[in-house]
1. May I ask for the percentage of alpha-carbon pairs in the stretch 113-244 that lie more than 26 Å from each other?
2. Can you give the accessible area per residue of the chain, in Å², using a 1.4 Å probe?
3. Just round it to a whole percent: the fraction of Cα-Cα distances in the chain exceeding 29 Å.
4. Stokes-Einstein diffusion coefficient for the stretch 70-131 at 4 °C in a medium of 1.567 mPa s, Rh from the Kirkwood formula over Cα pairs: what value in µm²/s?
5. Can you compute the charge dipole magnitude of the chain about its Cα centre, using +1 on each Lys and Arg Cβ and -1 on each Asp and Glu Cβ, nothing else charged? Give it in debye, rounded to the nearest 20.
6. List every DSSP H helix in the chain whose Cα atoms extend 24 Å or more along the helix's own long axis and whose mean Kyte-Doolittle hydropathy is at least 0.5.
7. Rounded to the nearest percent, how much of the accessible area of the chain (1.4 Å probe, protein heavy atoms only) is carbon and sulfur?
8. K106: which lysines have alpha carbons under 22 Å from its alpha carbon, excluding same-chain residues fewer than 8 sequence positions away?
Amino acid sequence: MAGNWKMYKTPAETVAFFEKFRPLTGQSDHCEIVICPPFTSLAAAADAAKGSAIRVGAQNIAWAKEGAFTGEISGPMITATGATHVIVGHSERRQYFGETDETVLKRTQAALEFGLSPIVCVGERLEERENGNTEAVLVRQFRKGIAGLTETQFARIAIAYEPVWAIGTGKTATPEIAADAHRTIRAQVREKFGKDGADAIRILYGGSVKPENTRALMAQPEIDGVLVGGASLDPVSFASIVNF
Ligand code: PEP
């Protein structure tokens with residue numbers, strides 16, 4: 001169960017979140033919990049999560065270790081904060097910051113090189129779904145991105161299916177629509193990494209997940225977890241998603 005805070009919460013607000021969230025999820029050992037704050041709050045989050053099972057992740061990663069890349073943050077800088085995970089290829093990065101399937105692959109490889117666990121996002125835009133291109137988009141994103149990993153690298157990632165039309169819009173994909181897309185992705189995984197890879201990969205659904213719809217989504221055997229934006233900002237709401 002992963003929370004993407006997007007561009008919300010200062011370090012002080014992060015500490016306040018953990019004070020409320022930790023007691024609500026202290027017994028939640030049925031799943032892994034990852035919270036992804038902005039870069040500037042990573043250290044505060046990692047510190048506030050110490051002694052709990054909650055893990056902390058960044059929302060992006062540079063493909064290089066260091067260098068003349070103004071505004072970028074590298075793997076070693078992320079791990080130095082205590083973070084262990086990173087979201088790669090979020091649709092907001094693809095949509096507003098020029099992220100492509102190729103750069104998603106490079107960033108994923110960098111995350112793995114520096115010991116981080118990547119959550120790699122894929123998902124179609126509204127017009128792509130309306131034009132009947134959902135499957136083609138997912139296949140392209142997989143083949144040009146994730147399929148470039150070695151088997152050993154692949155074993156260390158999670159995939160998030162996030163239909164762009166469902167992110168931050170209040171429109172959740174029905175559990176059936178989400179499961180259908182997950183099947184498409186898993187079939188690609190099977191083709192490239194075999195049955196073991198397909199059985200082991202965790203595919204999270206993301207897009208307007210809320211406490212009220214988590215149980216129905218998680219009832220789909222194809223859905224292994226959720227990536228939550230807006231509803232992860234509130235400790236009570238995210239805890240009730242975690243404890244669905
Ligand atoms: C996200 O940011 O990954 C996301 C799914 O956002 P929301 O839950 O707000 O739709």
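1. 21
2. On a per-residue basis, 46 Å².
3. In whole percent, the share of Cα-Cα pairs in the chain beyond 29 Å is 23.
4. 103
5. Magnitude of the dipole: close to 180 debye.
6. The qualifying helices: there are none.
7. 53
8. Reachable lysines: K6, K65, K144, K192.
The values are calculated or read from the model by the stated rules, or taken from the named source; none is laboratory data. This one's a predicted model, so the numbers in the text were calculated from it and none came from an experiment. We place every Cβ from the backbone using ideal geometry, glycine too, and count neighbours over all the protein chains shown. Areas reflect the complete protein model, heavy atoms only, side chains present, ligands, DNA and RNA absent. Shrake-Rupley method; radii C 1.70, N 1.55, O 1.52, S 1.80 Å.
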